[in-house]
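Everything below concerns the one structure shown next.
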Amino acid sequence: MRREAPQKLTDYAPLAFPAGMLIVFFVVPFATMIAVSFFRRDPAGFYSPDFVFDNYARFLSLFFGKVLGFSLFLAVAVAICCVVIALPFTYLLSRTKRRTQVLWLVALLSVLSLSEVIIGFAWSTLFSRTAGITNLLVMLGIMSEPIALNPSFGAVLTAMVYQALPYTVLVLYPALVRLDPTLTEAARTLGASPLKAFFTVVVPALRNTVVATLIMVFIFALGSYLLPQILGRPQHWTLSVLITDQAIYQSNMPFAAAMAVFLVLVTLGLVALTVYAGRKGEAA
Amino acid sequence: MSGLTLQNVTKQFGTFTAVRNVALTVPHGTFVCLLGPSGCGKTTLMRMVAGLDLPTEGEIRLDDKDITNVPTHKRDLGMVFQSLALFPHLTVGENIAYSLRIRGAGKDEQKKRVDELLSMIHLSGYADRPVAKLSGGQRQRVAIARALAISPKLFLLDEPLSALDAKLREAMQVELRQLQQRLGITTIVVTHDQREAMTMADTVVVMNGGEIRQAAPPVDIYRRPADTFVADFIGMTNLLDFKADGTGATVLGASIPGLVVPNGLASGIVSVRPEDVHLTVPGNAPITGTVIFIRDLGGTIETFVEAAGKQIVAVSVPNARPDVAVGQSVGIALDPADCVVLKS
């Protein structure tokens, strides 16, 4: 089917609704936030309109740099863990019977219905000394006495991976179902073991999907602010936690806005870099 | 004996038997076509040879070694899939070099072999192109080259030419056969196209309902079909009921003396190829019929005649065009030597 470019102004009409929604619910709030980030904080009340760089200047410190670095590191770790777990899982799932696939997908979707708070407290119970999974290991004789696994980086990472995994599977699933199964069979006839076939054919053939999924989980994980607080120590707090803290508990809207804008810029930069690297790799 | 041997190979999917008790010997260096209608088990049989499916029962031996349970990647074979299954993320050269890379061959060795294969398939200089940029025929050739990169013991092709248009398909059939003869490689092709099978194969294996109906050289399959299914499936034929009489058999109410009927067979079916049906002046032949339709294809003329309630087709070349018209009465002469007697 050949698509014609829109000719008249009325041809653009179908775009009006999404454009309107984007403007009202994204452009306006985001513009407001950018504006607020240059305002001056009023210690007595809220903030007053101004044009100062104080908020950004305050952000450029070692402390916030470390927090930003940790946030990005955590999000990257979550993204990589999710894809590393979800890719083989979804691949095997896509090769099973239809019934099995539906059951698994329903189970994964039900995880999505859990709120971040419930996930956080459920894992904090599971990682606790009194009622946690270490008790099971003690029962099995693997450990001598139960220990608390949280607060720790591992606990934060586990819970965040748990939360993001269903999304990862759901994004990878259509691509894997569409992948021609004869590709792996061809690889096997050409001398590749099933494992080798997976890494030399399935993964590279899905390169673009994998990159897109990594970016999606990365951004999803950047916004997490409850799990690091429930399961981590203060050094495991992400920038999102600090933004919430500044905005809600310190009533410092301008500074929170500045941090948020900075986070968005850094994120966009990283995503652009990934896409650019992907393009370049493809051309080579 | 070197070559491929299948012994009592059976494959069941649940309660469905896809391949039933197949025994087949493919001597080293021969070209075998598995031919049959869709669902006859020919692809399943090939997948078992490739190790992509495991037989429920039976044994597969290659060069005197039992490979029934050897995993696919250790069988040293080359296979061309119906969908070709070229790796979309690799270039033409990388696709062809895949099996060498997997086996840890050096870069120089890979390049040398790729160049060799590309010149063999007349695509020299295409190594760095992405496979998506190739035409159907070129992709076909790349898939063949990729399967042949390691000089496999066994070359398997599953409906390899079905995606090509008719002209290109005929050309590729000839090319494939010449390539196979030059390399002397044991080759098995699955196809539902009998012209393809007749063009390429040393041995045609006709399958139906999961069983082998006949395995023989193409000419034998055509001239001496083993049963009515083979006779009907390969080319056009007239299947006529017969009853044995003292001197021969009665076909279409007329006696054909000299038709040799095996002992104990009172009745059955004779298969007569359309080109063996001779039309003459009525009264000059034992059988008389009426012309009901003439299909003049230029190269051949098919004359449809109704005799004793049966429709018979006669094929003749333009030089021997029968002087008949629709509605006219004609005599039908059958040479006993051209009639193949089959059980009904």
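The Cα-based radius of gyration and maximum Cα-Cα distance (Dmax) for the stretch A:1-134 are 24.2, 69 Å.
Got a sec? Charge dipole of the protein assembly as shown, +1 on Cβ for Lys and Arg, -1 for Asp and Glu; which of B:ILE312, A:LEU183, A:GLY132 is way out at the positive end? Projecting each Cα onto the dipole axis, the largest value belongs to A:GLY132. Straightening the chain between B:SER255 and B:ALA333 buys 27.0 nm, computed as 0.36 nm per residue apart minus the Cα-Cα spacing.
Nearest-5 percent of antiparallel DSSP beta bridges in the stretch B:1-158? Don't skip to the answer; put the middle values down first.
Details: 16 of 20 bridges.
DSSP beta bridges in the stretch B:1-158 are roughly 80 percent antiparallel.
For the residues B:SER124, A:SER251, what sequence is obtained by ranking on other C-beta atoms within 10 Å, fewest first? Numbers along the way, then the final one.
Values: B:SER124 12, A:SER251 15.
Sorted ascending by nearby Cβ count, the order is B:SER124, A:SER251.
The stretch between B:VAL70 and B:MET236 holds 55.6 nm of extra length on full extension. This uses 0.36 nm per residue minus the Cα-Cα distance.
Summarising the strand pairing of chain B, around 75 percent of its internal DSSP beta bridges are antiparallel. Using θ = phi - 60° in the Karplus curve 6.51 cos²θ - 1.76 cosθ + 1.60, the 3J(HN,Hα) couplings for the stretch B:233-245 round to 6, 8, x, 8, 8, 9, 9, 10, 5, 9, 10, 5, 10 Hz; x is entered for Gly and Pro. Between A:ALA148, A:ALA186, A:ALA272, the GNM of chain A built on Cα springs shorter than 10 angstrom shows A:ALA186 fluctuating the most.
What are the semi-axes of the equivalent ellipsoid for the stretch B:236-342, taken as the square roots of 5 times the Cα gyration tensor eigenvalues, largest first, in whole Å?
On the way: eigenvalues 124, 37, 25 Å².
In descending order, the three semi-axes are 25, 14, 11 Å.
Across the stretch B:182-187, computed HN-Hα scalar couplings (Karplus, 6.51 cos²θ - 1.76 cosθ + 1.60, θ = phi - 60°) run 5, 7, x, 9, 5, 10 Hz from first to last residue, x flagging Gly and Pro. Compactness ratio for the stretch B:68-119: Cα radius of gyration over 2.2 N^0.38 Å (N = residue count) comes to 1.25.
What percent antiparallel are the DSSP beta bridges of the protein assembly as shown, to the nearest 5? Before the final figure, lay out the partial values.
Values: 60 of 78 bridges.
Within the protein assembly as shown, antiparallel bridges account for around 75 percent of the total.
Here the sum of -39500 (n - 2.57) over DSSP H runs of 4 or more residues, divided by the residues of chain B, equals -7500 deg cm²/dmol at 222 nm, to the nearest 500.
For chain B, the relative contact order is 15 percent, taking Cα pairs closer than 8 Å that sit 6 or more residues apart in sequence and dividing their mean separation by the residue count. Mean-square fluctuations from a GNM of chain B, with a 10 angstrom spring cutoff on Cα atoms, peak among B:LYS65, B:LYS112, B:LYS167 at B:LYS167.
If one takes the longest principal axis of the Cα atoms in chain B, at what angle in degrees, from 0 to 90 and to the nearest 10, does the Cα axis of helix B:136-148 lie? For B:136-148 against chain B, the angle is about 70 degrees.
Give me the dipole magnitude in Debye, nearest 20, for chain A about the Cα centre, with unit charges on the beta carbon: positive for Lys and Arg, negative for Asp and Glu.
Taking the Cα centre of chain A as origin, the dipole is about 800 debye.
Relative to the first principal axis of the alpha-carbon coordinates of chain B, what is the inclination of helix B:92-102, with its axis defined by its Cα atoms, in degrees from 0 to 90 and to the nearest 10? The two axes meet at around 70 degrees. Taking Lys and Arg as +1 and Asp and Glu as -1, the other residues whose beta-carbon sits under 15 Å from that of B:LEU100 total +2.
Net charge of the neighbourhood of B:ASN319, taken over other residues with C-beta under 14 Å away and scored Lys/Arg +1, Asp/Glu -1, is -2.
In chain A, which whole DSSP H runs stretch at least 18 Å along their own axis (Cα) and average -0.5 or higher on the Kyte-Doolittle scale?
Working: long enough: A:62-94 (46 Å, 2.21); A:98-112 (21 Å, 1.23); A:153-178 (37 Å, 1.35); A:207-222 (22 Å, 1.93); A:253-283 (45 Å, 1.44).
Correct list, ordered by number: A:62-94, A:98-112, A:153-178, A:207-222, A:253-283.
Got the relative contact order for the stretch A:1-82 handy, in percent, Cα pairs under 8 Å and 6 or more residues apart? Reported relative contact order: 14 percent. Averaged over the residues of B:312-321, the number of partner chain Cβ atoms lying within 10 Å of the residue Cβ comes to 0.
For the options B:ARG129, B:ARG103, B:ARG139, a Gaussian network treatment of chain B with springs between C-alpha atoms closer than 10 Å singles out B:ARG103 as fluctuating the most.
Against chain B, whose longest principal axis is taken from its Cα atoms, helix B:107-120 shows a tilt of about 20°.
For the stretch A:60-283, state the average projected area of the convex hull of the C-alpha atoms over all orientations, rounded to one decimal in nm².
Working: hull surface 64.6 nm².
Seen from a random direction, the Cα hull of the stretch A:60-283 projects 16.2 nm² on average.
If you take the alpha carbon atoms of the protein assembly as shown and fit the smallest convex hull around them, that volume is 278 Å³ per residue.
Give me the percent relative contact order of chain A, please, defined on Cα pairs under 8 angstrom at least 6 residues apart.
Numbers: 290 pairs, mean separation 77.1, N = 284.
Rounded, it is 27 percent for chain A.
With the alpha-carbon atoms as the only input, what is the per residue convex hull volume for the stretch B:3-230 in Å³?
Details: hull volume 28.2 nm³, N = 228.
Each residue corresponds to 124 Å³ of Cα convex hull volume.
Each reported figure results from applying straightforward, stated rules to the coordinates on display, with no laboratory input. Since this is a predicted model, take the numbers as computed values, not measurements. For neighbour counting, all protein chains shown are included, and Cβ atoms are generated from backbone atoms with ideal geometry for every residue, glycine included.
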